[in-house]
Amino acid sequence: MAAPTLHEPARETPVYGTYDVIVAGGGPTGVCAALAAARSGKRTLLVEFAGCLGGMITTGLHQHVCIYSSAQHTGARIIGGVPWDITERILARGGSRRGAGMVDFEIETTKLVLEEMMAEAGVALLYHTLAVGAVVEGGAVRGIFMESKSGRQAALAGCVVDCTADADVAARAGAPFRQGRDEDGLVQPVTLMFRVGGIDVDKVNAVKKREGWKMAETIGRAIAAGDLEPFHTMMSGLWWCPGRPDQLGVNYTNLTGIDPTRAEDITRATVETRRQAFQTVEAFRKHLDGWQNAYLIDTAPYIGTRESRRIEGEETLTIDMVRQCRKSDRGIAKGAFYVDVHGPTGSAQAAYGEQQLPRGDHYDIPYGCLVPKRVDGLLVAGRCISADHEALGSMRVMYQCMATGEAAGVAASMSLDTGRSPRDLDVVALRAELKRRGALVDTVVADS
């Protein structure tokens, strides 16, 4: 039976402001898009529903950011430009840790540095505000509708960049999209990250060295003893920063059967995975050496989503392109993470097996993956770009999302400068401009 509806009276919506570029979403992707557009001299508004920037790094407590290196963490760096500028700025403040192809960011430092960079670039920042719709005229997006404590407002722009991770603006503008795997629409599971203190990190690392990073032996022992429900059978990540020497970030909770575009599903998932986090802390006190004095610091304000909507773009990143490390003369970013598809059902992480890419290689992400079909005036960046279900398992990680964000911000600026729609942009010129700014679109550099 169809849900009941109400008719809202027509009303005048106040315009908050008019900009050259609006970026919806202030996560890792959105901050790169906003900086790229503002550094091009464009009046840029960044709209974020949380009270800080950084998205999954900060409000998601997923401080482990990868992969900036070529496949299997060899000595070549494939990420430059704005994402690397952010990385160097945060590392210079201390407390974070750089490893092979990854960085563990100190969360509070990340919030501060990102706000400093926005101020330096002249980005207009609007927190506690959710992009809820698209202003569409003649088939082109001309702005967004927003909801906040100020009520419903609109903001107008020459170009909009959707960095919401769920393609919220694109979907509401009428852009076609897919969600989940083709056969049933199921998406990868969600995870609520959490942080623990009182850890003897050396002892925990000794366990990881003995068992491997998945720590399946320890987890299996806890499950067999009845101290841990089998919602996940392996560890997805433990992260440490020198600025917080007795603390670990934990990527372990796991829940399938969730539609991340439905508020009721995200609510149910948050409640259940928080329960899992508490249970995990208690179980590991019994079964993980170095965890005996652990205490729960916090669970993430926002749950981690691996997959939701993916736009149908002018080009699509496919699993064959990823596996074959295919290069493209339309490439605007590089990826090299292994194909990490967490099972949409059950508790296994590697739904299709662990598919490592050829050592030292990478693939290109074509520009058309950022350009939605049927809608002009809009670019999409981050994990909601045009990619198939399996390819997303590789490109969804944060450095790759950040690189697409920078490309979208530069493309939005060039679209305004040339008077051409994003889909008609000269990709040769776009790649040249990205290269001029330090993005590694056609080369790699030694990882010093």
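Here, each number is a calculation from the coordinates, and none is a lab measurement. Note that this is a predicted model, so its numbers are computed, not measured. Cβ atoms come from the backbone with ideal geometry, glycine included; neighbour counts cover every protein chain shown.
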Tell me which residues come under 5 Å, amide H to amide H, from Phe177 once H is placed; ignore anything under 5 positions away on its chain. Glu312
Simple Cβ-charge dipole of segment 319-400, Lys/Arg +1 and Asp/Glu -1, about Cα centre, in debye nearest 20: 160 debye
Where trypsin sites (Lys or Arg not before Pro) fall in DSSP loop in segment 1-81, at most 11 other Cβ within 10 Å: Arg11
Phi angles of segment 400-416, converted by Karplus (6.51 cos²θ - 1.76 cosθ + 1.60, θ = phi - 60°) into ³J(HN,Hα) in whole Hz with x for Gly and Pro, give 5, 4, 4, 5, 5, x, 4, 4, 5, x, 5, 5, 4, 5, 5, 4, 5
Determine the percent antiparallel among the DSSP beta bridges restricted to the chain, to the nearest 5. 70 percent
May I ask you to evaluate 6.51 cos²θ - 1.76 cosθ + 1.60, the Karplus curve with θ = phi - 60°, for each residue of segment 358-374 and list the ³J(HN,Hα) values in order in whole Hz, giving x for glycine and proline? x, 3, x, 9, 7, 10, 9, 9, x, 4, x, 5, 9, 10, x, 5, 6
Two-site label geometry, Thr13 and Arg436: point separation in nm, points 7 Å out along Cα→Cβ: 3.6 nm
For the chain, give the magnitude of the charge dipole about the Cα centre (Cβ charges: +1 Lys/Arg, -1 Asp/Glu; no others), in debye to the nearest 20. 480 debye
Counting only residues 5 or more apart in sequence or on a different chain, those whose built amide H sits under 5 Å from that of Ile78 are Ser69, Ser70
From the square roots a ≥ b ≥ c of the eigenvalues of the alpha-carbon gyration tensor of segment 194-299, which class results: rounded (a/c under 1.5), prolate (a/b over b/c), or oblate? prolate
Applying the gyration tensor rule to the Cα atoms of the chain (axes a ≥ b ≥ c; rounded if a/c under 1.5, else prolate if a/b exceeds b/c, else oblate), the class is prolate
Going through segment 100-186, which trypsin sites (Lys or Arg not before Pro) have at most 15 other Cβ atoms within 10 Å and a DSSP loop state? Lys149
Charges only on Cβ, +1 for Lys and Arg, -1 for Asp and Glu: so what's the dipole of segment 194-299 about the Cα centre, in debye to the nearest 20? 200 debye
Kindly provide the chymotrypsin sites (Phe, Trp or Tyr not before Pro) of segment 185-279 that DSSP labels as loop, not H, G, I, E or B, and whose Cβ sees at most 11 other Cβ atoms within 10 Å. none
Compute the separation of the alpha-carbon centres of segment 2-55 and segment 93-130 and state it in Å as a whole number. 19 Å
Skipping prolines and chain starts, which residues have an amide H placed within reach, meaning under 5 Å, of the one on Gly143, given they are 5 or more residues away or on another chain? Val135, Ala157
List, in order, the whole-Hz ³J(HN,Hα) value for each residue of segment 7-18 obtained from phi through the Karplus relation with A = 6.51, B = -1.76, C = 1.60 and θ = phi - 60°; use x for Gly and Pro. 9, 8, x, 4, 8, 8, 9, x, 8, 5, x, 10
So which lysines can Lys373 reach, going by Cα to Cα under 26 Å and dropping same-chain residues fewer than 8 places off? Lys42, Lys327, Lys334
